[in-house]
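Below is one structure; the comments refer to it alone.
The values are calculated or read from the model by the stated rules, or taken from the named source; none is laboratory data. Bear in mind that the values here come from a model prediction, so they are computed numbers and not experimental data. All Cβ positions, even for glycine, are placed from backbone atoms using ideal geometry, and neighbour counts span all protein chains on display.
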Amino acid sequence: MHQSQTVRGASPWSAAWQDWKQAIRVPALWMNLALEDLRDRYRRTVLGVAWIAISFALFVAVKVLVFGQMSVASTREFAIFVTIGFGAWSFISSMVTDACGAYLHSRAWILGTAVPYPVYLLQAALRNWMVFSLVLLVMAVALFWKPTPWTPAAFLAIPGLLAYFVTSVWLSALLAPLCVRYHDLLHAVQTSMRLMFFITPILWMPGQSGVLAELARINPMTHYLAIVRDPLLYNHWPATSWRVVGLVNALGIVAAAITYASTRRKIAFWI
Amino acid sequence: MYLECNGLTVDFPVRKGPKDPFDFESHNLETGGEIIAVDGKPHVRALDDVSFALGAGDRLGLVGHNGSGKSTLLRALCGIYHPSRGSVRSDHDVSGIFNIHLGFRPEASGYRNILLKGLIAGRTHAEIAAAVPGIAEFAGLGPYLHLPMHAYSQGMAMRLAFAITTAFANHILVMDEWIGAGDVNFQDKVVERMNSFFESADICVIASHNNRLLRKITNRCLWLDAGRVRAHGPTEEVLNAYEAEAMSIKLEAARQAALLRPRLEIPATHRALWLAPSGHGGLADGHVLAWDASDYNVSSVRLSVIGDAGNEQMICTGIGRGSKFLGPWLKPGMAFLLRDNVDDAVIGRVVFEG
């Protein structure tokens, strides 16, 4: 686990690669750490993690009730649109915020143990996936009222979730070190995520033309939602959205690799 | 088995907020390392060119005043801080205990913390389960292990931290100074566990302000001063030099005090030094040498005995008022002197009548 050799001049790339290899070899560690995070959040509650599913279901129900009145779409279509959109959104938004805090959250561990840093990044990602899996359960139940017939195209949502997984890992590796160095970034990201909620088609449908359609088209978040929502709701594969998500993931992985490798030696001093 | 440092230098970037007042021109050099510029940015040189090599069975004690770099060195040995220059090499993983608040989950139970620490050390679930009874026994926490760690007292958390770390240590162990702070019973257990740890020819580095503990468990010491190695060698040698300096700093303070408040004339009616028989209080039969000159602005004294050949031999040093138990070596006719450390003047004299 620990670095038994700290040799001056070792390439930051190979050292970073070693970190990730070591971290991936101890899944039990980051799984248990993520589980502890979740337990901390719901400790001494009667319902425990069931709160995640309950609060999500209530949120969606109220949103459908209120905003459904203003929508031209059928209630069933709007309900599924909001359930999937808001479910995916809540994962992405909490993942982005948690990615910023992945190192800061583990400050005591970073200063107290020589665990390779990817453990903390995977811990943050996994913690969000644990929450998301409960939200996915509610989404699966909601699909009982799916307005369109079931076709095999619905399975195309699964690669969408895989794309989410890739994003959750590089987001942590990119944002965690930057937020340790620049604390303002944490607040900037939190603020912009709150704004993003309104300019992303979650509570409103983009339509075919007009300002809203244009806003949705240039917003990468729209495409992230579409790769999961479109196969499930409309039984179709959103090719353009996939191209956008693929590009964002590719750029993200490169940026995250550079950021991780160039900051790993300095995190303990900055934090 | 080895652990070595070669020219280890660690520079901390000084994180200065846009509004933090920090004057680099008038820094206080009494604690902490030197402030230097690296790439035009201010850094504190926490460790400066530290080199040493430890082999199987070596127990190194780190001494030095607060901010001298002891904790930084321990963290660098563990791989938590990366060297700015130089290197740390070892052929085994280095385990460390720094602070009971670092590397534990306060909300989780003692058992869960044992599991997490075991996983960090690369143990399997089965190995961890096998180690649990031993840890529970050593820590002596019994049913408390089911409670969250934040419910533990400082001492209980310390016991658990120490028990876990030594149980999962991978041959090389580093420990920070708080380990010397437990109760007597715990310290005895620490010494015992450390000694059994050493019998397996492992390496240990321990930072402590408790010189008595260091004398018991270390064979070598390293004295750090502002991030630099001041002395390195056998424990007794280094600790004696370290204590002598602490003494001379105290003496200097006494000298400064004497400039402001010179010693008053001690009247003939005041007994500054006397001998009294002692047979109680758990001490063996003998005599106690007592002195009191504190009312006359004396703050640092030295006691000595005049030997058979007329030579003066120091017994101890102390403050203006105190006492010292004298062993069976006391013989009738021996003369004792009380001297003011500031100017060496004899301010008290007593002869043992028998």
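When residues in region A:31-65 are screened for being exposed (fewer than 14 other Cβ atoms within 10 Å of the Cβ) and not in a helix (DSSP H, G or I), 6 of them pass.
Restricting attention to region A:172-229, the residues being closer than 30 Å to A:I267 by Cα and among the aromatic types (F, W, Y) number 1. Scan region A:175-212 for residues that are of a type in the set (V, I, T), surrounded by fewer than 13 Cβ atoms within 10 Å (Cβ to Cβ) and closer than 26 Å to A:T263 by Cβ and jot them down. Hit for region A:175-212 is A:T191, nothing else. Among the residues of region A:9-28, some residue qualifies, meaning at least one is more than 14 Å from every other protein chain (Cβ to nearest Cβ), without any contact (Cβ under 8 Å) to a residue 40 or more places away in the chain, in a helix (DSSP H, G or I) and surrounded by fewer than 18 Cβ atoms within 10 Å (Cβ to Cβ). Against the definition (of a type in the set (G, A, S) and not in a helix (DSSP H, G or I)), how does A:S209 come out, yes or no? Against the criterion (of a type in the set (G, A, S) and not in a helix (DSSP H, G or I)), A:S209 qualifies. Of everything in region B:55-80 that's aliphatic (A, V, I, L, M) and within 14 Å of another protein chain (Cβ to nearest Cβ), which residue is farthest from the chain's Cα centre (by Cα)? This residue is B:I80. Take the conditions in a strand (DSSP E or B) and more than 19 Å from B:A244 (Cα to Cα) and apply them to B:L330. Does it pass? For B:L330, the condition - in a strand (DSSP E or B) and more than 19 Å from B:A244 (Cα to Cα) - is not met.
Given the options B:P83, B:P143, B:P133, name the one that is within 9 Å of chain A (Cβ to nearest Cβ) and either not acidic (D, E) or not in a loop (DSSP other than H, G, I, E, B) (or both).
Exactly one residue qualifies, and that residue is B:P83.
Just one of the listed residues (B:T124, B:T72) is among the hydroxyl-bearing types (S, T, Y) and either on the phi > 0 side of the Ramachandran plot or free of Cβ contacts under 8 Å to residues at least 12 places away in the same chain (or both), namely B:T124. Restricting attention to region B:248-300, the residues being over 32 Å from the mean Cα position of the chain (by Cα), of a type in the set (D, E) and at pLDDT 85 or above number 2.
Of all residues in region B:116-125, those that are part of a helix (DSSP H, G or I) and either more than 12 Å from chain A (Cβ to nearest Cβ) or basic (K, R) (or both) total 1.
A single member of A:I267, A:I218, A:I199 is over 17 Å from the mean Cα position of the chain (by Cα) and either within 14 Å of chain B (Cβ to nearest Cβ) or closer than 20 Å to A:V119 by Cβ (or both), and it is A:I267. Here A:A142 passes the criteria (1) in contact with a Ser or Thr (Cβ under 8 Å, 6 or more places away or on another chain); (2) of a type in the set (G, A, S); (3) surrounded by fewer than 19 Cβ atoms within 10 Å (Cβ to Cβ) except the one numbered (3). Of the candidates B:G55, B:G67, B:G40, the single residue that is modelled with pLDDT of 70 or more and either among the aliphatic types (A, V, I, L, M) or more than 26 Å from A:R181 (Cβ to Cβ) (or both) is B:G55. For region B:86-112, a tally of residues being under 30 Å from B:Y152 (Cβ atoms), of a type in the set (A, V, I, L, M) and at the interface with chain A (Cβ under 7 Å from one of its Cβ atoms) returns 3.
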